[in-house]
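Working notes, structure below.
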Amino acid sequence: MLSLDWKPPPHVYKATPGYLKHYVRRFAQSSSDHRGTPEHPGRVVTLIHAEEWANFDSQDAFPHEDIVWGVAYTIDKEFKEEVREYLGVLHLNSPTLVVC
C-alpha cells in the first residue's frame, strides 16, 4: 500500500528505507477530514510526479530535487484487511489508495 504517512501503520514487522525518483513532496492537496474543516480545508502533503507537475504549477520548471525518500513497511498478511481499513479511514478523502 502506498501511503504518505509519518507514523507507521499497525502490525509492521519490517521497515525498508527507499526512494521514488521523479517525484516531489508538496502541500498540494486540500483536506477537511484530517486537516481543517469542510468550510476551511487544510493542506496535506502529497507526492507529485514529474509528468503531473504542469497540473500543479505550469509556470515553474520541475524542481531538480526529484527524489523523495521514505520507508516501505511490510505488514503481516494476517492483518492485511485490518491495516487496509485503518489506512482507508486515514486517507478517507485522498484521491487514490494503492494496494500492492
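Miscellaneous remarks
- Of all residues in the range 31-57 being within 26 Å of Y19 (Cβ to Cβ) and of a type in the set (S, T, Y), the one that is least open to solvent (accessible area, probe 1.4 Å): S31
- Those strands (runs of 3 or more DSSP E) lying entirely in the range 1-84 with at least 2 residues modelled with pLDDT under 80: 23-36, 41-49
- The residues of the range 31-64 that are over 24 Å from L87 (Cα atoms) and aliphatic (A, V, I, L, M), listed by number, are A50, A54, A61.
- Count of the range 16-30 residues which are open to solvent by 60 Å² or more (accessible area, probe 1.4 Å) and either among the acidic types (D, E) or free of Cβ contacts under 8 Å to residues at least 40 places away in the same chain (or both): 3
The values are calculated or read from the model by the stated rules, or taken from the named source; none is laboratory data. This structure is a prediction, so every number in the text was calculated from the model and none was measured. When we count neighbours, we look across all protein chains shown, and the Cβ atoms used for this are built from the backbone with ideal geometry, even at glycine. Note: areas computed on protein heavy atoms with side chains; ligands, DNA, RNA excluded. Shrake-Rupley method; radii C 1.70, N 1.55, O 1.52, S 1.80 Å.
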